[in-house]
1. Residue check: is Leu255 on the phi < 0 side of the Ramachandran plot and touching a residue at least 24 places away in the same chain (Cβ under 8 Å)?
2. Within the range 160-179, can you find the residues that are over 13 Å from Ala49 (Cα atoms), of a type outside the set (Gly, Ala, Ser) and assigned to a helix (DSSP H, G or I)?
3. Would you point out which residue out of Ser196, Ser206 is among the hydroxyl-bearing types (Ser, Thr, Tyr), open to solvent by less than 60 Å² (accessible area, probe 1.4 Å) and either assigned to a loop (DSSP other than H, G, I, E, B) or more than 26 Å from Glu265 (Cβ to Cβ) (or both)?
4. Residues in the range 11-38 that are surrounded by fewer than 23 Cβ atoms within 10 Å (Cβ to Cβ) and among the polar types (S, T, N, Q): how many?
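The values are calculated or read from the model by the stated rules, or taken from the named source; none is laboratory data. The model shown is predicted, which means the values in this text are computed figures rather than measured ones. When we count neighbours, we look across all protein chains shown, and the Cβ atoms used for this are built from the backbone with ideal geometry, even at glycine. With ligands, DNA and RNA removed, areas are computed over all heavy atoms of the protein, side chains included. Shrake-Rupley method; radii C 1.70, N 1.55, O 1.52, S 1.80 Å.
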Amino acid sequence: RIFTLGGSTTYGRPYNDVTSFSGWLRELLPEADKSRRWEVINAGGISYASYRVAHLMEELINYQPDLFIIYTGHNEFLEERTYGQIKEIPPLVRSTVAVLSKTRTWAAMTQVLQQAGINQEPEQQEKDTMAVEVDTILDRSAGLGLYTRDDQLQANVLNHFRVSLERMVALAKSVDAEVILVSPASSLNDCAPFKSEHTPGLDRESRQRSKQMLDQAEAAIERQDWQSALDILEQAAVADPRHADLQYRYGQALLATGSRQAAAEAFRRAREEDVCPLRALTQIQQIVAEVADEQDVQLLDYVAVLEQHMRETAGHAIPGKELFLDHVHPTIKGHKILAVELTRTMVDRGIVTPAADWESAALAKASP
């Protein structure tokens with residue numbers, strides 16, 4: 001019994017479960033290993049941040065799981081969080097996840113579990129749960145206007161993410177279930193930042209100059225005069241290094257003029273400096289890897305997998321519309337790639353005992 005956990009990427013948005021990596025696994029695993037009866041239960045929740053996933057796991061460990069596949073990290077900044085003046089989350093949170101508000105989330109999972117033939121115990125049916133619909137900042141009338149650069153808040157959210165991920169691993173281990181943590185990947189080449197702010201400390205004249213240079217560069221890009229755009233953006237990126245859209249345009253110009261590695265770095269900086277960070281930051285990817293190492297659980301580096309795919313098919317390691325429908329949601333092909341890599345990982349872990357030609361046979365028959 002496998003539970004896949006995370007946000008809308010796990011859920012399969014904008015399509016549904018059938019074309020998600022969970023759907024692919026549901027087709028692949030019975031073909032790869034016919035000696036077991038496989039259940040793959042998609043427990044992804046739209047807009048769920050990691051602390052919500054951890055709370056959901058508190059319930060799911062009661063249903064005899066063998067494996068949790070956890071793909072989380074894109075939604076950490078979707079909900080408003082207040083940490084006051086504290087520098088770190090209190091130790092109490094690490095042991096009890098005390099920050100969780102319990103309302104109606106488990107109700108959203110009841111139908112999924114019943115469809116899988118898993119019945120709840122009466123006493124578990126009465127447990128408090130969290131809201132099915134997440135109240136995100138972007139859903140409010142002010143939307144993007146509510147986002148502003150706050151480095152201390154970001155540090156607190158990242159710490160909260162680590163706590164939640166550690167909690168998930170501890171919950172899985174408490175029932176002897178295995179864990180695969182997936183490094184969250186996102187589009188870089190074809191996803192402009194959602195909101196930009198100038199580098200702190202720039203005076204008014206410098207901010208105006210930065211805007212003028214960006215306008216000039218965008219006009220050059222519109223003409224596909226990439227070298228002129230690059231010449232302008234090289235200066236602007238030095239003068240205003242934390243302006244996300246400037247870094248994104250710089251990445252575009254670098255890629256168009258053949259500087260692929262530098263372009264990848266600029267695109268990543270654009271993601272890191274996005275004031276509305278709806279893609280998992282590099283720090284989040286690092287935390288996933290660190291927790292996997294520290295807790296001795298399996299890591300699947302989906303970021304590296306997609307970068308290698310791009311090298312083989314496009315000559316550079318910058319994922320875009322080839323593998324993503326938008327900023328974070330993979331194409332059906334992207335989900336298939338993840339499911340195949342997960343199956344390979346499960347083979348390596350001894351969870352799947354395959355036939356010699358399992359991969360070609362399974363892929364030939366699988367059709368979610």
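1. Values: on the phi < 0 side of the Ramachandran plot: yes; touching a residue at least 24 places away in the same chain (Cβ under 8 Å): yes.
Spelling it out, Leu255 is indeed on the phi < 0 side of the Ramachandran plot and touching a residue at least 24 places away in the same chain (Cβ under 8 Å).
2. Glu166, Arg167, Val169, Leu171, Lys173
3. Result of the check over Ser196, Ser206: Ser196.
4. 3
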